[in-house]
Structures are given as C-alpha cells and as structure tokens.
Amino acid sequence: MARILLRRRGERRLLRGHPWIYRADVEDTEGSLEKGELVDIYGAGRRFLGRGYANPDSQITIRLLTRAPEPIDAAFFRQRIAAARAHRQRLAIPSTAIRIVYAEADALPGLIVDAYGDILVLQILTAGMERLRGVWLPVIQEDFHPRGIFLRNDVPSRLLEGLPLQKAFLDDPFDPVMIIEEEGVRFRVDITTGQKTGLFLDQRNNRLAVRPFAADREVLDCFCYTGGFALHAARAGARRVEGIDSSEEAVTAANGNTGLNALAERCSFRVGNVFDELRKLNDAGRHFDLIILDPPAFTKSKEAVAAALRGYKEINLRAMKLLTPGGILVTSSCSYHVNEATFLEMLEDAAADANVRCRVLGVRTQSADHPILLGVKETKYLKCVFLERL
C-alpha cells in the first residue's frame, strides 16, 4: 500500500473533517500510486491520519475512507452501509423512494444507493469505488436482497475520474418503470431515463412543506418536471394548479401522474420555456397565490455564477410580480456554486426591482436522507426559500 505525506494545509483540512485531499496537498508519495488504489495518509512527524483511495489523474487525489488503520473489506462496508440504513430508518421517511447511501455524507465517498421500493439504483462516481466494487457490491446484494439493481453511471463527474458513462441492468433486466408513493401522492418513475436516479428525492421535504400553504390557492409550478410540487399542492386542496416544463416527456409524465392521483380536474401541465411563460403571464395580467420555482442548476462552475445569478434574478423577479398580496413564493437553487447567502442576496435584489416586500418564512435545504456534513460544504448544495409577499 502506497503512503501519502501531506502538506500542512491538507493535514489541517483532513483534521477538520474534510474527506478530500487535493493534488496540491500532497508533499510526497512512497510507492506507486495507481488509479483507485488504497493508500495510507500521514501528516507531520509521520503521524497516521487515515486510509483512503487514490486517483492521481484527478484534482481530488485522495478520498478518505477511514481514520483508523483498518482493512477495507466486506466487514468494513457492511458496517458503513448498515449505519447509513439505520439513519434512514430513524428518519421515518414518508416515501417508498429513499436515498440509502449519500457518498461522502455517509463516509462512503463515490457511492450513491437509492431504493425505489425493492429496486436499487446505484451510482459509482469514482475510480476508487469502482475498483472496490467487488468488495462492497456483494454486501449490498446480501443485505438488501433487491428484486433488481440498475446502474446509473451516467454522471458527468465520472469523466473527470477517467471512467466511462453507462446505464445498465446489473443482472437480469426488469421493468424499470414503477409507482412510488410519497405521503399519499403517487408518481410513476422510470429509473433508466428519469432525472438523477429517477426522481428528485432531495426535494421531498420541501414538496411536503408546500402543502400547508396550498389550500384553496391558485398555484403555478415552474420547472415542474413530473409534477412533484404541483401534485402535493393539489392533494392539499389547491383550487387550481398549472405546471410548466421545457421537456415534453416530463409534461407527459406529469399529466399521467394526475390520473394516478385522481387530480386531473384541478391540474394541468404544458410545455414551455419558463422565462418566456412568466413574461406572457405577466403581460396577460395573471396572478397566483402560490408559485414554485425549481429550476435546474444554472451553473456547474464558479466561473459562471454571475450569469446564473442573472437567470435566477429574472425568474424570481417575474414570479414576485405575479404573486397576489399574501402569496407565497417557493424558490430553489441546486447550483452548489451559488451559496445560500448569495442566493438570499439575489432574492433581495429581485424584490427591490419588482417593488415588492417579502417576508422570509423559511430557508430550507435538501431532504434528510441527503445528509450534510459539518465542515464539508460540498455536501450542502440545495437552497429552498419560502417567501411571503406582503
């Protein structure tokens, strides 16, 4: 096993709880460093700091697995996966679709495991976790006994690890389209083509939080995807719900989901560019009591933050103008590079330009089965702000 000696900066970051070691943090390497290989990590005075896996081709050269000199074997993965599973059981999540393992946040960097009923969807994000697949995959199969496993290894970050993109059944094919239930609302999910691993599980708690504000309201759900927020609002008694998404497939699925929930009379979804549709609604003098903005990430890099903020400001400004007095705006950003403080500042600017006053009802983040590690800001990416127009 190769040994890595860290510079002071890397050692400090590791000791403060961050599991990543960047290429610039490595002072010296003893032994050959191969992609995905296990390595021991040392700091000043050759103090043992932990054990992880390496990728010399990546800017994140080492990802920490453990702070103990323990074997990375089946027993190791069984304990980590059991701990992750037990955490979700304590949360009592009101859904049949749950994230069981969330990579670094569950001390299993590079591995995501989502359960859709008795089907598991896996994402292997790093060369190290791919190399260890023969160790941890049998553990998952033995512990969960899933009806089937599907690999959604189509995440662009795999390319940075030198890994190919792929989508595949692990063993025998099965029907990838299934019905999941979330606090009484049913969704048809296709795990082979749906966003992320099939559904935006990270917005679950925020979808549920919309329900108390929805009764007897006119609702507009922008970037509605398959109708997550819209259907929860309708189930909670919304008078009328309109949804807009640029994807024809998503709108077809959303309309199908209204039938699953006997809500077709109060819900309608249409294909459209949200930027354009908000302008048209404004020009037509329309108003809504509850508006949801859940756009895709407007930036994947810090270099594009300024442009992303202009996009966020435009849709939020127009939504604020469409709100009735006392109306609620639920607005999100999943762009990691737009932090919470910056997002709130953008909303403040949008409200000023729209000439409206807003009260902050809540600043929320991703669902609890996507846990956030203290000191690892990369594990917190979702912002969801509830505003009331005064």
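The values are calculated or read from the model by the stated rules, or taken from the named source; none is laboratory data. Not measured: the values here are computed from a predicted model. Cβ atoms come from the backbone with ideal geometry, glycine included; neighbour counts cover every protein chain shown.
Values as computed for the structure displayed
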quantity	calculated
Selected residue (criterion: surrounded by the most Cβ atoms within 10 Å (Cβ to Cβ)) from residues of region 322-348 that are hydroxyl-bearing (Ser, Thr, Tyr) and over 15 Å from residue 387 (Cβ atoms)	335
Residue that is small (Gly, Ala, Ser), within 19 Å of residue 384 (Cβ to Cβ), part of a loop (DSSP other than H, G, I, E, B) and touching a strand residue (DSSP E or B) at 6+ places or on another chain (Cβ under 9 Å), where the choices are 351, 319, 297	297
Flag for residue 159 being within 22 Å of the chain's Cα centre (by Cα), outside any strand (DSSP E or B), surrounded by fewer than 17 Cβ atoms within 10 Å (Cβ to Cβ) and among the hydrophobic types (A, V, I, L, M, F, W, C)	yes
Test: residue 301 is under 23 Å from residue 205 (Cβ atoms) and out of contact with any Gly (no Cβ under 6 Å at 6 or more places or on another chain)	no
Within region 145-172, tally of residues that are under 24 Å from residue 88 (Cβ atoms), in contact (Cβ under 8 Å) with a residue 40 or more places away in the chain and in contact with a helix residue (DSSP H, G or I) (Cβ under 9 Å, 6 or more places away or on another chain)	1
Test result for residue 33, under 17 Å from residue 6 (Cα atoms), hydrophobic (A, V, I, L, M, F, W, C) and not in a strand (DSSP E or B)	yes
Residue 114 outside any loop (DSSP other than H, G, I, E, B), crowded, with 19+ Cβ neighbours inside 10 Å and either over 27 Å from the mean Cα position of the chain (by Cα) or acidic (Asp, Glu) (or both)	yes
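To keep it simple, each residue is scored yes or no on (1) under 30 Å from residue 361 (Cβ atoms); (2) at pLDDT 95 or above; (3) of a type outside the set (Lys, Arg).
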| position | (1), (2), (3) |
| --- | --- |
| 112 | no, yes, yes |
| 119 | no, yes, yes |
| 122 | no, yes, yes |
| 167 | no, yes, no |
| 170 | no, yes, yes |
| 173 | no, yes, yes |
| 185 | yes, yes, yes |
